[in-house]
Structures are given as C-alpha cells and as structure tokens.
Amino acid sequence: MEPSAQPRSFTKAPPLSGTISVPGDKSISHRSLMLSALAVGESRVEGLLEGEDVLATAAAMRAMGADILRGGDGAWRIHGVGVGGLLQPGQALDMGNSGTSTRLLMGLLASHALTATFIGDASLSKRPMGRVIEPLSAMGAEFTASPGGRLPLTMRGLCPAVPIEYRLPVASAQVKSAILLAGLNTPGITRVIEPVPTRDHSERMLSGFGARLDIDIASDGVRTISLEGEAELKPQHIVVPGDPSSAAFPMVAALLVPGSRIVIENVGLNDTRAGLIELLREMGGGIEIVNAREAGGEPVGDLVVTASALKAVEPDPARVPSMVDEFPIAFIAAAMAKGRSIFRGLEELRVKESDRITAMAEGLRLIGVEVEELEDGLVIEGRDGDPFPGRGGPISTKLDHRIAMSFAVAGLVSSGGVMVDDMRPVATSFPGFVTLLETLGPLQ
Ligand code: S3P
C-alpha cells in the first residue's frame, strides 16, 4: 500500500433508504468537453462529471486553446476553437488514470498538424494503445510509443489526414470514437464498421453538434458509421444525465442489503449502457424504471430499487459491451445469489484500469467467496444471501475505482467487514461516493 493511500473498511449496513442522484455520465462528459472545444462559439454543459478523469480532458483541451470555465451556477462554459483549430500543447498532456481521455484525444489530434506527448499514472501506462495507434497511423499520424504500444507516447498528427474505412477488431467505443474524432478534420468520408454495437454517445453528440453522420444498421446488426469530414460544429447546451455505471453501485447495494428500498434519480438509460439493469432483473432484482424521459439527446429515468433474493446467471457474451464497466459489481451480486454464475467472453476486462478478472477473483476469495478464474471470465459460487465472512482483507484496488467501489458494497453485506486498501481512485469517476452511501444509511 502506498503511504498516501486511503484505506477504509465497510461493515454490515442496516436497510438502505432514501432518494439520491449520482454524478454525470463520464463518457458523455468527456465528449461534451471535446466537441464543445471544437465548436465555434460558447457551449454550456450542465451536470458535467467533475471527476479527475474528466478534469484531465478539460486541462488538455485548455492546453490546446479552448476556453473552459465553471460558472458559479455549476454549469460549464466552453469557447471552442473550431474544427482543426487546436494549438500545439506547451507540455506533455497528463491523462492521469483516464483511458477515455487518452484514446479519444489521440484521435482528435491525429488530424491536426501538431505534436503531443501523452503521459499517465501507473495503471494507464500499462494499458494497450496499439488499438488506436493502428487506425490513426493509417490516417497518417505518426507515433513513438513505449514498449507494447503504451504510454508515455508521442504522436505527430497529419493535416490533411487520410480518410479510412475501418472494421473494429475489438468491440470498443473508445477506438470507434477516436477514429470518428480524427475524421472530423479529415477531408472526405471516414467510416467505422462495428460488428458488435458499443456505446453510441459519440454518434449522438456529433449529430447534435451538427456534424453530418450516417448510421447504417445491416440485418445482422453490423453498424456502419460514416462521417463527413471538415465538419463545422455549432455550440450546444448539453445536460449530462447521471452515469449508469456509477448508479450501478448503490443499485446493487440496495438489492443486496435486506429490507432496502431506494430511488436513484436521473440515470442515463441508453440501450448501449443498460446491460446491468437487464442482467440484475433476470437475476430477480427488483428494479423499476419510472419517469422515463429524454434529456440532452439521451434516454433517462428514475430507478426504484428494492432488496431482492437473487439467482445465478450465465450472461450471453454478446451483451458484454452494454455493461462492460459493470462486471466488477455484477460479480458481487452473483456472489450473493443462489447458485453458480458463469461469466465468459470478458477478455477486455483484463485491459481496463486493472486486470479486473484477476483483481475481482483475488478480492472475492479474500472475502470468503469460492471462485474459479478463467482466461475470459469467472465462475462464482453464490452464497444465497449468506453474508460474506469478510475480514480477510485488505482488498488490493490496483488504482481501479470500480474495484474499490465493488468491495465497498460487498462490505455492506459482510459479517466481518471488508477493508479496501485505497479509496482514492474513486475520485476519478465518482467523487462523493462514500458520502452518498452514508445518506442511504449509517455506515460505521
Ligand atoms: C468508454 C468506453 C469503454 C469503457 C470506458 C469508457 C467510452 O471502453 O470501458 O470506461 O467512454 O468510450 P472500451 O472502448 O475500451 O470498451
């Protein structure tokens, strides 16, 4: 454990109750800053996630000429520089822990005639960037990366870049978005073919800002996204919905802690993100969507979550992209369910903020759960509502916010408490997480 780590233990909670809302969607927040920074004029963003990852994007966009300010009313105002107008940054862009900032900005800069160096923390510096380096090199950008295509890396963009047609070899919204963002300042049509649909926030927001975008969905579900380059973006007023990936933690907590009933307001319910809700309902989870509506071009609603006895699942790997960030907390739910759950097709989890298959397997064993680690997943023996013995900690969070929050939730249904070695990474995506849990019931 590093000396500045913030360890914390979580113990058995009384029933959770109350109404909460979670911070803004991380994916939408990144994109709202990037596209506003490319529009000519002032955009306004309400509900922006003020977590470290998004602030890293804001700092990078400022370093390249955008004017980004937080108003006294909590809304952010961004004066963009116009597509193609980004300036050479004066120093290395520090991406912290944020893979989304890194990969999307690499795309954005690939079609600008400037040189930029990307650096990040120990977790980000282990993550593969080859998946964006390859298509962006085909568009004309040049890269000098650390061994294995990792950070620190320096890239030189090309203007005008070369439009490409690219079929995604991995289901990744970050790769798709990087190519589309590079295409914004590229003459001609840039095309991405997506065999398995991933989150579509980039497409929705690009259209909202006035870019010309065509989406073709073939009978087999393959999506082809064609973007007309040299776009002109018009400033927007964006209202960011609550992040379903953050709502996942109080949602599972309320399902697991007996006697709980909570309401989580204003949660983004985009189909490409809603896989966990579907999965938990199949497991028998009482989750009701009320007040379904549209906000800022995205579907949103309020979730009423009631404690429920859960049963095991074997989710179809085809649904992985719609809940790719939610597996750590889904594993906690499965560990409390009745029966054996089998999760497969999760190889992408090995290259997230940590290797989430190994991190979760190790942590689950420590708190008393029987698990088998597979190359592409986990087999979990559910405890049928029997509290985790706990006490085995501390859980090693490996600079991964979602590992920390998953085991915090596990602690609420443990007999002996769960010690998480470092809660600091939570600030990347969910500032105020512990305080919010405390509003639902006293934590010891
Ligand atoms: C994201 C895409 C996903 C997800 C990440 C955010 C995005 O990554 O895990 O947290 O905003 O585009 P991949 O594209 O690597 O699956």
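Numerical summary
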{"read-out": "Matching residues, region 22-46, being crowded, with 18+ Cβ neighbours inside 10 Å, closer than 19 Å to residue 301 by Cβ and more than 16 Å from the ligand (Cβ to nearest atom)", "value": "none"}
{"read-out": "Any hit, region 389-406, residues being more than 24 Å from the chain's Cα centre (by Cα) and crowded, with 20+ Cβ neighbours inside 10 Å", "value": "yes"}
{"read-out": "Residue ID - modelled with the highest pLDDT, chosen from residues in region 67-89 that are over 24 Å from residue 183 (Cα atoms) and in a loop (DSSP other than H, G, I, E, B)", "value": "75"}
{"read-out": "Residues (outside any helix (DSSP H, G or I) and closer than 26 Å to residue 123 by Cα) located in region 423-444", "value": "423, 429, 430, 431, 432"}
{"read-out": "Test: residue in region 373-391 that is more than 19 Å from residue 325 (Cα to Cα) and among the β-branched types (Val, Ile, Thr)", "value": "no"}
{"read-out": "Restricting region 297-331 to residues that are outside any helix (DSSP H, G or I) and within 16 Å of the ligand (Cβ to nearest atom), the residue that is surrounded by the fewest Cβ atoms within 10 Å (Cβ to Cβ)", "value": "297"}
{"read-out": "Within region 183-208, considering residues that are among the hydrophobic types (A, V, I, L, M, F, W, C) and farther than 17 Å from residue 323 by Cα, the one farthest from the ligand (Cβ to nearest atom)", "value": "189"}
{"read-out": "Number of the condition not met by residue 171 [criteria: (1) within 16 Å of the ligand (Cβ to nearest atom); (2) surrounded by 24 or more Cβ atoms within 10 Å (Cβ to Cβ)]", "value": "(2)"}
{"read-out": "Near pairs, Cβ below 7 angstrom, 6+ apart or cross-chain, from region 160-178 (within 19 Å of residue 112 (Cβ to Cβ) and of a type in the set (S, T, N, Q)) to any residue that is at pLDDT 95 or above and more than 8 Å from the ligand (Cβ to nearest atom)", "value": "177/107"}
{"read-out": "Residue within region 332-341 that is touching a strand residue (DSSP E or B) at 6+ places or on another chain (Cβ under 6 Å), assigned to a helix (DSSP H, G or I) and within 20 Å of residue 405 (Cβ to Cβ) present", "value": "yes"}
{"read-out": "Residue satisfying condition, being more than 29 Å from residue 425 (Cβ to Cβ) and either outside any loop (DSSP other than H, G, I, E, B) or out of contact with any Ser or Thr (no Cβ under 6 Å at 6 or more places or on another chain) (or both), within set 163, 135", "value": "135"}
{"read-out": "Total residues in region 76-99, condition within 16 Å of the ligand (Cβ to nearest atom) and buried (at least 24 other Cβ atoms within 10 Å of the Cβ)", "value": "3"}
{"read-out": "The one condition in (1) assigned to a loop (DSSP other than H, G, I, E, B); (2) free of Cβ contacts under 8 Å to residues at least 24 places away in the same chain; (3) surrounded by 15 or more Cβ atoms within 10 Å (Cβ to Cβ) that residue 196 fails to fulfil", "value": "(2)"}
{"read-out": "Members of region 402-432 that are polar (S, T, N, Q) and farther than 19 Å from residue 326 by Cβ", "value": "414, 415"}
{"read-out": "Filter result for residue 419 (assigned by TED's automatic domain parsing to the domain that holds residue 360 and either in contact with an Asp or Glu (Cβ under 8 Å, 6 or more places away or on another chain) or not in a helix (DSSP H, G or I) (or both))", "value": "yes"}
{"read-out": "Residue that is modelled with the lowest pLDDT, among those in region 1-47 that are in a loop (DSSP other than H, G, I, E, B) and of a type in the set (D, E, K, R)", "value": "2"}
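The values are calculated or read from the model by the stated rules, or taken from the named source; none is laboratory data. Fair warning: this is a prediction, and the values are worked out from it, not measured in the lab. Here Cβ is always computed from backbone atoms with ideal geometry, including for glycine, and neighbour counts include all displayed protein chains.
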